[in-house]
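The values are calculated or read from the model by the stated rules, or taken from the named source; none is laboratory data. In this text the structure is predicted, and so the values were computed from the model without any measurement. Because the Cβ atoms are built from the backbone with ideal geometry, glycine has one as well, and the counts that use them run over all protein chains shown.
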Amino acid sequence: MSEAAWHDWRAHWIATGLAGLERQLAADDRRQAYFGGEAITVADICVTAIVVIARVIDVRTDHLPIITDAVTRCESLSAFAESAPLRQPGAPSD
């Protein structure tokens, strides 16, 4: 598989998965601050990591307000900020 095909495949499935999650969250009238409720769960860690990957490979997420808000809340916490993938040794730079 070419590098371009690999990129397109990843971008497609990340965008598709995040859009599906956004639809599911929008339909949940019990939705709270984070993906698992009012406290951080593994779901928040996983979705935030996927959004970081989306940013790295230029997949738009600005049309996903629920996900964007929750990820922004997560990234504002020191534990997330200090362990952010793009702050680690060997991470790609802009």
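A compact table of results
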| read-out | value |
| --- | --- |
| Qualifying positions in the stretch 77-94 - in a loop (DSSP other than H, G, I, E, B) and closer than 17 Å to Ala43 by Cβ | Leu77, Ser83 |
| Residue check, Asp8 of a type in the set (D, E, K, R), within 13 Å of the chain's Cα centre (by Cα) and either surrounded by fewer than 14 Cβ atoms within 10 Å (Cβ to Cβ) or at pLDDT below 95 (or both) | no |
| Residues within the stretch 5-52 that are assigned to a helix (DSSP H, G or I), of a type in the set (A, V, I, L, M) and without any contact (Cβ under 8 Å) to a residue 40 or more places away in the chain, tallied | 9 |
| Pair list, Cβ < 9 Å and 6+ apart or interchain, from the stretch 82-94 residues that are closer than 16 Å to Val51 by Cβ to residues that are hydroxyl-bearing (Ser, Thr, Tyr) | Ala84/Thr48; Leu86/Ser93 |
| Filter result for Ala43 (in contact with a Phe, Trp or Tyr (Cβ under 8 Å, 6 or more places away or on another chain) and among the small types (Gly, Ala, Ser)) | yes |
| Selected residue [crowded, with 16+ Cβ neighbours inside 10 Å and polar (S, T, N, Q)] from Thr72, Thr61, Thr68, Thr41 | Thr61 |
